[in-house]
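Rule-based calculations on the coordinates, nothing more; no lab input. Just so you know, these numbers come straight off a predicted model, no measurement behind them. Here the Cβ positions follow ideal geometry from the backbone for every residue, glycine too, while neighbour counts run over all protein chains shown.
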Amino acid sequence: MEDQMEKQILKTQNVHLNYGDFEALHGIDLTFDAHEITALIGPSGCGKSTYLRCLNRMNDQIEGVKITGDFKFRGNDMYSDDIDIVELRKQIGMVFQQPNPFPMSIYDNVTFGLRVAGVRDKAKLDEAVQTALKQAAVWDEVKDKLDQNAMALSGGQQQRICIARALAVSPTILLLDEPTSALDPHSSRQIEATLLQLKEHYTIIMVTHNLQQAARIADKTAFFLQGDLIEFDDTKKIFMDPAAEQTRDFITGRFG
């Protein structure tokens, strides 16, 4: 039982989310295992990004949002009144659809979260920068220009800098909201290769519109439709032998 609890790093039960009178999520039950990539798929507006943002309480900042249900991260209630949200977001980092490096040097981008947390030791910051950039598979491309503005990099490099920035504070889970949708195919493949390496150390939950991408790199896949979780299973099963007709229709391109 303890081994299963250790494996199940994040669990949500009966998650409902309302924007005013509109219910966007209708009772989502999902469990995420350590060191796996889970893809959230479904047509636009189906609730997958809304659900993803619940997992590090990004929806808290939206006026009129009401969230109910059970959210457990390592067995602890993520929506408890006494939770430290800054610490939670360090543990559950997020990378967005559009690369969004800060308008500062590569070095300062990667160390931003550490400095906010009070780390001032230059040796520790240097080590964190090198480790995070290597994990994000961009160290060799930028190691000689760490003082250069990150905005000058290519889109694919910028996105890997954003991944490095999230990794520098040593999270447990990495959330990614369509991390390659703004990138060219080559850059997208580089990000995919990076994510496959990162799952050795992190748990990754990713929204993607690219079904081929989900099939290539995800261990598990969850299919959302109009605020419902239709199906959640091993990726191979979802793509080769889905249980629900709606899943089959979406996978084969009949809608979405």
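Using only Cα atoms, locate the centre of region 120-141 and the centre of region 169-203, then give the distance between them in Å, rounded to an integer. Cα centres, region 120-141 to region 169-203: 17 Å. Computing Rg and the Kirkwood Rh from the Cα coordinates of region 2-251 gives a ratio, Rg/Rh, of 0.97. Per-residue packing, averaged as other Cβ atoms within 10 Å, sorts the ranges 61-72, 213-224, 174-185, 122-133 into the order 213-224, 174-185, 122-133, 61-72, beginning with the highest.
Sorting the segments 238-245, 47-54 by their residues' average number of neighbouring beta-carbon atoms within 10 angstrom, most packed first, yields 47-54, 238-245.
Rounded to the nearest 10 degrees, what's the angle between the helix 106-116 long axis and the longest principal axis of the chain, both from Cα atoms, 0 to 90? Roughly 70 degrees, rounded to the nearest 10.
If you restrict to DSSP beta bridges whose two residues both lie in the chain, what percentage is antiparallel, to the nearest 5?
That works out to approximately 60 percent antiparallel.
Contact order for region 1-106, expressed relative to its length and based on alpha carbon pairs under 8 Å spaced 6+ residues apart, stands at 30 percent. Using just its DSSP H runs of length 4 or more, each adding -39500 (n - 2.57), the chain gives a mean residue ellipticity at 222 nm of -10500 deg cm²/dmol after division by all residues. Computed from Cα positions, the angle between helix 122-135 and the longest principal axis of the chain comes to roughly 50 degrees. Compared with the dominant principal axis of the Cα atoms in the chain, helix 185-198 is inclined by about 90°. The local environment of Asp228, defined by Cβ-Cβ distances under 15 Å, has a net charge of -4 under the rule Lys, Arg +1 and Asp, Glu -1.
Simple point charges give the picture: +1 on the Cβ of Lys and Arg, -1 on the Cβ of Asp and Glu, and for the chain a dipole about the Cα centre of about 640 debye.
With contacts taken as Cα pairs under 8 Å at a separation of at least 6 residues, the chain carries a relative contact order of 27 percent.
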